[in-house]
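Remarks on the structure that follows.
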Amino acid sequence: MNDRADFYTRISECKLRPLWEVLDDLIPDEPKPKTQAMLWRYDAIRPFILESGRLITAQEAVRRVLVLENPGLPDSSLITSALYSGLQLILPGEIASSHRHSQSALRFILEGEGAYTAVDGERTIMHPGDFIITPSWTWHDHGNESQEPVVWLDGLDVPIVALFDAQFAERYPEQMQQIARAEGDSEARWASNMQPLTHEHRRRASPIFNYPYVTSRAALAKLMADGMMDAARGVKMRYINPLTGGWAMPTIGTFLQLLPKGFAGRPHRATDAAVYCCAEGEGSATIAGKRFDWGPHDVFVVPSWQMLELSASAESVLFSFSDRPVQEALDLLREEVA
Ligand code: GTQ
């Protein structure tokens with residue numbers, strides 16, 4: 001044993017280390033996520049979000065966001081080991097100035113009508129439940145010309161981009177980017193089950209950047225009324241890039257699901273840790289045996305490979321996002337229904 005300890009010390013000076021001492025940590029038998037199951041109650045954190053609006057302007061903050069930090073990942077500013085999430089506030093009259101970065105971002109609107117986001121030369125007005133994307137390296141700024149505070153959930157692939165040391169960011173020379181196309185242009189061009197005869201769209205990310213809640217919600221309701229029902233997930237759909245049928249963004253998979261009143265879902269698990277946000281309704285998520293009760297705008301996180309059991313006491317809609325597209329692309333994804 002002493003021989004070994006002495007050997008380890010001597011080789012460490014040459015920046016070497018014996019694999020046999022760390023093999024189980026490097027290649028565990030199954031996922032051992034640092035990410036912990038957790039729920040943030042919107043009622044409890046909303047006062048802090050509004051208080052942040054009295055402490056700092058959107059302009060000074062650049063992005064006035066309270067980051068949802070996972071207790072298993074202290075000082076990381078991360079919600080899972082692969083994803084960042086936070087709650088962003090824009091007060092009436094404010095602008096979050098234009099910038100771009102290699103990280104991809106999504107927004108899921110929680111409250112407030114009438115704020116806009118501009119992405120890549122086009123504006124869209126945001127309504128509660130709308131799902132909006134900001135693909136990698138697209139200019140984006142947000143503004144609130146309404147009379148009420150607007151709050152949304154942000155999701156970014158910060159740690160995925162950091163894994164590759166591929167971070168770039170740039171400030172736009174002015175507060176707001178130049179608008180190049182009329183509002184609704186992308187929707188007409190790409191979201192009408194048609195596409196322009198000649199076009200150049202070179203990104204992997206979807207050319208649609210606002211997926212309105214009214215449209216997605218109506219699709220789920222129609223399918224449920226017609227009998228679509230998964231025993232574990234209710235009626236769950238994923239948002240797509242209409243040009244490819246692939247994910248809306250290459251690194252973050254996004255979903256919307258409808259659970260009928262009285263739903264008691266079968267336990268299921270997958271290797272993609274997921275962030276859920278309740279759009280409407282109420283119910284519970286039992287994660288690895290621990291129960292979390294959720295209601296409107298609450299956010300909860302399900303770590304990789306932990307059993308999730310969803311139930312709903314009222315008809316409910318859950319938005320969720322995860323790193324699923326990356327795991328699929330790398331042949332890593334595993335999932336099962338118990
Ligand atoms: O809205 O551009 O929560 O750049 C974190 C970084 C939001 C944004 C965040 C960002 C943004």
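Each value in this text was obtained by applying a stated rule to the coordinates, not by laboratory testing. In this text, all values refer to a predicted model and were calculated from it rather than measured experimentally. Here Cβ is always computed from backbone atoms with ideal geometry, including for glycine, and neighbour counts include all displayed protein chains.
Would you mind counting up the charge near P71? Only other residues with Cβ under 15 Å from its Cβ, with Lys and Arg at +1 and Asp and Glu at -1.
The answer is +1.
Above 22 Å lies some portion of the pair distances; for the stretch 209-338, what is it as a whole percent of all C-alpha pairs?
In whole percent, the share of Cα-Cα pairs in the stretch 209-338 beyond 22 Å is 33.
Within straight cross-link reach of K290, meaning Cα distance under 22 Å, which lysines are found once same-chain residues fewer than 8 apart are removed?
By straight Cα distance, K290 reaches K32, K34, K261.
Give the order of D165, D141 when sorted by the count of other beta carbons within 10 angstrom, beginning with the fewest.
D165, D141
Using the alpha-carbon centroid of each, what span in Å lies between the stretch 304-327 and the stretch 55-123?
22 Å
Tell me which of L110, T215, S136 sits at the most positive position along the dipole axis of the chain, charges placed on C-beta atoms (Lys, Arg +1; Asp, Glu -1).
Sorting the options by dipole projection puts first T215.
If I take all pairs of Cα atoms in the stretch 142-185, what percentage of them are more than 11 Å from each other?
Roughly 81 percent, once rounded to a whole number.
Label the stretch 1-154 by shape, choosing from rounded, prolate and oblate, from the square roots a ≥ b ≥ c of the eigenvalues of the Cα gyration tensor; if a/c is under 1.5 it is rounded, and otherwise prolate applies when a/b is larger than b/c, oblate when it is not.
prolate
For helix 42-55, report the angle its Cα long axis makes with the longest principal axis of the Cα atoms of the chain; keep it between 0 and 90° and round to the nearest 10°.
70 degrees
If you take the square roots of the eigenvalues of the alpha-carbon gyration tensor of the stretch 44-135 and sort them as a ≥ b ≥ c, do you get rounded (a/c under 1.5), prolate (a/b over b/c) or oblate?
Because a/c hits 1.5 or more and a/b fails to exceed b/c, the stretch 44-135 counts as oblate.
Over the stretch 5-77, what per residue volume does the convex hull of the Cα atoms give, in whole Å³?
Hull volume normalised by residue count: 174 Å³.
Please give the length that would be gained between D75 and R203 if that part of the chain were fully extended, namely 0.36 nm times their separation in residues minus their C-alpha to C-alpha distance (nm, one decimal).
The D75-R203 span can extend by a further 42.8 nm.
Rounded to whole Å, give me the distance from the Cα center of the stretch 13-32 to that of the stretch 206-229.
A separation of 46 Å, based on Cα centres.
Can you tell me the Rg and Dmax of the chain, counting just the alpha carbons, in angstroms?
Answer for the chain, Rg first and Dmax second: 21.6, 74 Å.
Under a Cβ-only charge scheme (Lys and Arg +1, Asp and Glu -1), can you give me the dipole magnitude of the chain about the Cα centre, in debye to the nearest 20?
340 debye
What angle do you read, to the nearest 10 degrees and between 0 and 90, between the alpha-carbon axis of helix 2-12 and the longest principal axis of the chain?
Long axis of 2-12 versus the principal axis of the chain: about 40 degrees.
Suppose a student asked you for the relative contact order of the chain, using Cα pairs under 8 Å spaced at least 6 residues apart; what percent would you report?
16 percent
Using the Cβ atoms and a cut-off under 14 Å, what net charge is assigned to the surroundings of L310, where Lys and Arg are +1 and Asp and Glu are -1?
+1
Expressed in whole Å with the largest first, what are the equivalent ellipsoid semi-axes of the stretch 129-246 derived from the C-alpha gyration tensor as the square root of 5 times each eigenvalue?
28, 19, 19
To the nearest 0.05, what FRET efficiency results for R181 and T57 with a Förster distance of 30 Å applied to their C-beta separation?
For R0 = 30 Å, the calculated efficiency reads 0.55.
Hey, what did the stretch 1-118 get for relative contact order, percent, Cα under 8 Å, at least 6 apart?
20 percent
Mind checking the angle between helix 213-225 and the chain's longest principal axis? C-alpha axes, 0 to 90 degrees, to the nearest 10.
The helix 213-225 is inclined about 80 degrees to the chain.
Using θ = phi - 60° and the Karplus form 6.51 cos²θ - 1.76 cosθ + 1.60, what ³J(HN,Hα) does each residue of the stretch 296-310 get, whole Hz, x for Gly and Pro?
With coefficients 6.51, -1.76 and 1.60, one gets x, 6, 5, 10, 9, 10, 10, x, 3, 6, 8, 5, 10, 10, 9 Hz.
With +1 on each Lys and Arg Cβ and -1 on each Asp and Glu Cβ, and nothing else charged, work out how big the dipole of the stretch 203-335 is about its Cα centre, in Debye to the nearest 20.
180 debye
Calculated from DSSP H runs of 4 or more alone, at -39500 (n - 2.57) each and per residue, what is the 222 nm mean residue ellipticity of the chain, nearest 500?
Rounded to the nearest 500, the figure is -5000 deg cm²/dmol.
Work out how much length W137 to M237 would gain on full extension: take 0.36 nm times their residue separation and subtract the Cα-Cα distance, in nm to one decimal.
33.3 nm
Straight distance only, please: which aspartates and glutamates reach the Cα of K236 with their own Cα at less than 17 Å, same-chain residues fewer than 8 apart left out?
D130, D226, D272, E280, E282, E309, E315, D323, E335, E336
What's the extension gain from I125 to T286 if we count 0.36 nm per residue and subtract their Cα-Cα distance?
That works out to 54.4 nm of additional length.
Could you sort 198-210, 292-304, 241-253 so that the peptide with the highest average Cβ count within 10 Å comes first and the rest follow in order?
Peptide ranking by packing, descending: 292-304, 241-253, 198-210.
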